[in-house]
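Comments concern the structure below.
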Amino acid sequence: MESKESKYCTKCRVLKKIEEFSFRNKTKGYRHSECRECLSNREKIRNQDPIRKEAHRLYGASDKAKAQRKIYYQTPAGRAAQQRSNNSIKGLAAHKAFRESENGKNGQLRWLASESGKLSRKKIDARWSAANPEKVLIKGHRYRARRYGIIGQNHTEIDRENKFLEYGGRCAYEGRIGCKLIATTLDHIIPLVLGGTNEISNCVPACGSCNSSKGGKPVEDWKWTQIIADELTGAMPLWL
């Protein structure tokens, strides 16, 4: 027997809870005569029709449908639906296939060339650089090596860590007045500008002050221009 809490479905002829019937008119409280399950099954059967499928495809590609989707995805419900779709296995696979397609690659190039794309790229690069300072330094060394046409193997992040451990994290030019003692950079013994390689064997840990002071000069020419603070610090520079 029907009541305010239950209702008969005209399709499956089963008495079900009122919540299992969707609204036809939510303002007036009118509900469908068929339950949600029966309505869903009927819609699935209708969607198998080839003519209906083609009509859906044509409408989805129309300007009107694109404008409606754009408006919908700007709403909270639309953004949430898009997020769920993007995070699903099917959605991730579709995104990957599109990015690897010719249209996807061309679209990405057009976006990167636009003002909004350039601004977004700068923000992403800034966040990555702040989170990976050591990789930024290694990337800079490799860029300079390519710029000067240096041929040879580039040092890696592991090589950098091992070199710092070898020197105990201290500057290889310790003893120079103005040396900060704690190494924060890698210095090329034979500068890249003078043909030195970017291999780890040509690099030593150095503080920012010593690295900046040495610049593009060879060690032998630079060290004798510095005032050695043996008498003040009692430290013997490792590079002498």
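The numbers here are math on the coordinates, done by the rules we state, and not lab data. These numbers come from a predicted model, not from an experiment. Glycine also receives a Cβ, built like all others from the backbone with ideal geometry; neighbour counts cover every protein chain displayed.
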Label-point separation, residue 106 to residue 47 (7 Å along Cα→Cβ), nm: 3.0
Translational diffusion coefficient, Stokes-Einstein: compute it for the stretch 65-203 using the Kirkwood radius over C-alpha pairs as Rh, at 10 °C and 1.306 mPa s, and state it as an integer in µm² s⁻¹. 81
Measure nothing but the geometry: give the 0 to 90° angle between the long axis through the Cα atoms of 63-72 and the longest principal axis through the Cα atoms of the chain, rounded to 10°. 70
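Compute the convex hull volume of the Cα atoms of the stretch 55-141, divide it by the residue count, and report the result per residue in Å³ as a whole number. Each step should come with its number before you reach the end.
Values: hull volume 15.0 nm³, N = 87.
Cα convex hull per residue, to the nearest whole number: 173 Å³.
Report the per residue volume, in Å³, of the convex hull enclosing the C-alpha atoms of the chain. Don't jump to the answer; show the numbers that get you there.
Details: hull volume 64.7 nm³, N = 240.
Measuring per residue, one finds 270 Å³ for the Cα hull of the chain.
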Want the number for residue 30 to residue 73: 0.36 nm per residue separation, take away the alpha-carbon distance, what's left? 12.6 nm
For helix 102-113, what angle does its Cα long axis make with the longest principal axis of the chain, in degrees from 0 to 90 and rounded to 10? 60
Could you let me know the centre-to-centre spacing of the stretch 2-26 and the stretch 128-173, using Cα atoms, in angstrom? 70
Could you calculate the contour length gain from residue 180 to residue 55, that is, 0.36 nm times the residue separation minus the distance between their Cα atoms, to one decimal place in nm? 37.7 nm
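Scaled to the compact-protein estimate 2.2 N^0.38 Å, what is the alpha-carbon radius of gyration of the stretch 1-86, rounded to two decimal places?
Values: Rg = 17.1 Å, N = 86, 2.2 N^0.38 = 12.0 Å.
Normalised by 2.2 N^0.38 Å, the Cα Rg of the stretch 1-86 equals 1.43.
Tell me the relative contact order for the chain as a rounded percent, counting alpha carbon contacts under 8 Å between residues six or more apart. Intermediate results must be reported in sequence, preceding the final value.
On the way: 234 pairs, mean separation 25.9, N = 240.
Answer for the chain is 11 percent.
Out of the GluC sites (Glu not before Pro) in the stretch 11-86, which ones are loop residues according to DSSP with at most 10 other C-beta atoms within 10 Å? Show your work: numbers first, answer last.
On the way: sites: 19, 20, 34, 37, 43, 54; in loops: 34.
The qualifying sites: there are none.
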Once you have all Cα-Cα distances for the stretch 88-131, histogram them in 10 Å bins from zero and send the whole-percent values. 26, 32, 38, 3
For residue 4 and residue 62, compute 0.36 nm times the residue count separating them, minus their Cα-Cα distance, and round to one decimal in nm. 16.6 nm
From the C-alpha coordinates alone, can you work out the Kirkwood hydrodynamic radius of the stretch 133-233, in Å? 13.9
At a 10 angstrom cut-off on C-beta neighbours, averaged per residue, how do the peptides 213-220, 100-107 rank from highest to lowest? 213-220, 100-107
